[in-house]
Each structure stands twice: as C-alpha cells, then as structure tokens.
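What follows is calculated from the coordinates using simple rules that are stated; it is not laboratory data. The model shown is predicted, which means the values in this text are computed figures rather than measured ones. Positions of Cβ are backbone-derived with ideal geometry, glycine not excepted, and every protein chain shown enters the neighbour counts.
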Amino acid sequence: NLIFILPVYNSENIIYSSLDKLISYLNNILYKDIFFLFLLLMRGTDKTLEILKSFLKKYYANFKLNNTKIFIYYFSYDKNRGTGYAIKFALSKLKNIYNKSIFEEIKEALKNNDLLKAKELQNKIIKN
C-alpha cells in the first residue's frame, strides 16, 4: 500500500487536472497495489473545496473495481497554519487511523469483488 499526503491551498486552477493526472499515472504504472490519497485542505479563499467535491463525485461515480484501487479522502480545517502544520496534522490523523488490518481487509474485499465491504471499511477509516 502507498499513502500520499497532499496539502492543498488555493489550488482551484490545478486541483482537478493534478488529481486526474495522478490517478491516471497510478492506474497505469502501479496498478497492482491499493493507494490511499489524503488531501488536506487548508481553508483558502478560492473554490478548491467545491472543485474537489465535484471531482470526487465524478471519480466515485465512475469507480470501477477492476481497474481502480485508489481511495481518496480529504480533511479540511478552517485556519491556515502552513504546509508544515498540514503534514503534521496528516501524520497525526494517520497515526490514529492507520490500522494495517483494515487496509488488508480492504485488499481482501477488493480481491473478492466485494465493493460494499471495501466501502464500509473505507468509511471506518474516515470515522476514526
């Protein structure tokens, strides 16, 4: 499993195309693993959050079990404290929620084509 942490701030002009390119790259190059992408939205003044939500809606509407194994999460906080804080915030979240057995269960569910179970486990990660 690979986990990507991306701090995001006032990125409305590049967020959609950047995510699209990253996902395409991961699907085409590193297709055998499951990837977790955590986006940390530092509250900015543009429409990054709305564009991200639009992207995720389209992404999960076209989510195909057989060729996409990338789960995308985002966290948002109101006060911008910079990239360093965003990375520390992400690491603290991951420390609290990273449970190897959950990731292995997701892999197993995907292997068995049980998308519902994989989604339930994904939601379990977010709630922690």
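Can you order the peptides 83-94, 36-47 by their average number of other Cβ atoms within 10 Å per residue, highest first?
With the highest mean Cβ count within 10 Å placed first, the list reads 36-47, 83-94.
What aspartates and glutamates could a cross-link reach from Lys21, if we take a straight Cα to Cα line under 20 Å and drop same-chain neighbours fewer than 8 places away?
Qualifying aspartates and glutamates at Cα under 20 Å: Glu12, Asp33, Glu50.
Amide H to amide H, which residues 5 or more places from Ser76 or on other chains are under 5 Å from it, using H placed in the peptide plane?
Residues meeting the criterion, in which the H sits 1.01 Å from N, are Leu41.
In nanometres, what is the gap between the two model label sites at Asp20 and Lys107, each 7 Å from Cα along Cα-to-Cβ?
Using points 7 Å along Cα→Cβ, the separation is 3.2 nm.
Starting from the amide H of Ile70, placed 1.01 Å from N in the peptide plane, find each other amide H under 5 Å away whose residue is 5 or more places distant or on another chain.
So Ile70 has HN proximity to Phe35.
Under the Karplus relation 6.51 cos²θ - 1.76 cosθ + 1.60, θ = phi - 60°, what is the ordered set of whole-Hz ³J(HN,Hα) values for the stretch 72-85, x standing for Gly and Pro?
10, 10, 9, 10, 10, 9, 6, 9, 7, 10, x, 5, x, 5
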